[in-house]
Amino acid sequence: MKPRILLTGKSGQVGAELAVMLPKLGEVVALDRQQLDLSKPDDVRRAIREIRPALIVNAAAYTAVDQAENEEALARAVNADAPALMAQEAKKIGAGLVHYSTDYVFDGSSRSPYEEDDPPNPVSVYGKTKLAGERAIQDVGLPHLIFRTAWVYGTRGRNFLLTILRLASQREELRIVDDQIGAPTWCREIARGTISVLGRFSADRQGELSLPMTCGVYHMTAAGVTSWYGFAEAIMQETSQASPNLPWLAAATGGTLIAKRISQITSEQYPTPARRPAYSVLSNSRLAQHFGVQLTEWRTQLHSAFSDSCTGSNSPRR
């Protein structure tokens with residue numbers, strides 16, 4: 001008997017990829033925000049009790065970093081209160097929980113890759129609510145995996161890749177921050193990494209899927225580092241070599257690019273309501289040591305996003 005898996009956020013960047021891959025592991029009930037609003041506790045409680053999954057994969061989140069500064073209550077309801085409730089309900093029925101978190105739990109003052117046990121110190125409402133969600137899950141004491149990732153992008157939704165392409169179709173010069181450092185991570189690689197981890201644990205005859213005893217927090221980002229400026233340059237290089245028949249690329253640019261140059265600026269020259277970590281590099285060594293899973297280098301992932309997005313190539317990589 002295949003385990004029943006509840007996936008939230010099926011229309012999001014990571015969620016959409018998981019909706020394609022998770023059926024390899026079980027019977028998937030995938031819900032989007034219209035079907036399950038995480039800001040409504042009664043709806044969350046009712047969905048879990050009716051579906052009775054063996055595993056919950058929570059790919060939903062409030063991710064509007066700047067807007068969260070003015071919508072703290074909503075951000076907290078989705079990023080902290082809902083995961084806490086999921087964990088409580090999952091524990092009651094013997095289910096496990098997979099949850100996604102962020103580099104924003106750190107303040108970015110380090111100059112070496114953050115380890116999972118480094119002290120968090122979020123400097124934005126978004127980061128504070130995501131950290132609260134992590135801690136709430138851990139406090140419940142159920143089998144869980146929390147994957148922290150960073151600089152997530154894809155060919156759908158709202159993200160840096162699509163923003164750069166849109167701006168490149170509107171402006172001759174792009175002014176991009178060069179003093180924030182991280183690892184751009186393709187949402188499909190995050191989904192592949194998740195499947196690779198979960199694929200190590202088979203269900204029993206009753207369809208119960210046991211998460212490992214090594215539950216806890218794991219960093220899952222692309223290898224390598226760059227700045228937002230470096231990422232933007234790479235995007236434009238890939239765009240110049242990409243097939244003009246890519247539907248998502250044509251939709252993002254309107255079929256026309258007018259950008260002629262990319263200029264480096266500092267974070268001070270581009271003020272935002274929410275502070276960003278200056279250094280968002282996460283160490284992935286624990287993920288590799290415990291599960292043998294390593295995501296590919298960020299530049300390789302970006303090239304794959306341009307070449308694989310229409311192929312449906314979703315096989316996990318180890």
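Looking only at segment 51-75, residues that are open to solvent by 40 Å² or more (accessible area, probe 1.4 Å) and hydroxyl-bearing (Ser, Thr, Tyr) come to 1 in all. Note on segment 211-225: residues that are open to solvent by 20 Å² or more (accessible area, probe 1.4 Å), touching a Gly at 6+ places or on another chain (Cβ under 9 Å) and modelled with pLDDT of 90 or more total 1. Exactly one residue out of 84, 77, 16, 61 is of a type in the set (A, V, I, L, M, F, W, C), closer than 24 Å to residue 278 by Cβ and under 21 Å from the mean Cα position of the chain (by Cα): that is 61.
If the condition is being open to solvent by 10 Å² or more (accessible area, probe 1.4 Å) and closer than 25 Å to residue 289 by Cα, then segment 77-100 contributes only 100. Assess whether residue 198 counts as being among the aliphatic types (A, V, I, L, M) and at pLDDT 95 or above. Answer is no for this residue. If the condition is being touching a residue at least 12 places away in the same chain (Cβ under 8 Å) and charged (D, E, K, R), then segment 72-92 contributes 72, 76, 81, 89, 91.
To keep it simple, each residue is scored yes or no on (1) within 15 Å of residue 154 (Cβ to Cβ); (2) surrounded by 15 or more Cβ atoms within 10 Å (Cβ to Cβ).
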{"residue": "243", "(1), (2)": "no, no"}
{"residue": "253", "(1), (2)": "no, yes"}
{"residue": "266", "(1), (2)": "no, no"}
{"residue": "269", "(1), (2)": "no, no"}
{"residue": "279", "(1), (2)": "no, yes"}
{"residue": "282", "(1), (2)": "no, yes"}
{"residue": "299", "(1), (2)": "no, yes"}
{"residue": "305", "(1), (2)": "yes, yes"}
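Quick grid of which residues meet (1) open to solvent by 10 Å² or more (accessible area, probe 1.4 Å); (2) of a type outside the set (S, T, N, Q); (3) closer than 25 Å to residue 106 by Cα:
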site	(1), (2), (3)
139	yes, yes, yes
147	no, yes, yes
172	yes, yes, no
190	no, yes, yes
197	no, yes, yes
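The values are calculated or read from the model by the stated rules, or taken from the named source; none is laboratory data. Please read all numbers here as calculations on a predicted model, not as lab measurements. Reconstructed Cβ throughout: ideal geometry from the backbone, glycine too, with neighbour counts over all protein chains shown. Ligands, DNA and RNA are stripped out before the accessible areas are found, and what is left, the full protein with its side chains, is counted by its heavy atoms. Shrake-Rupley method; radii C 1.70, N 1.55, O 1.52, S 1.80 Å.
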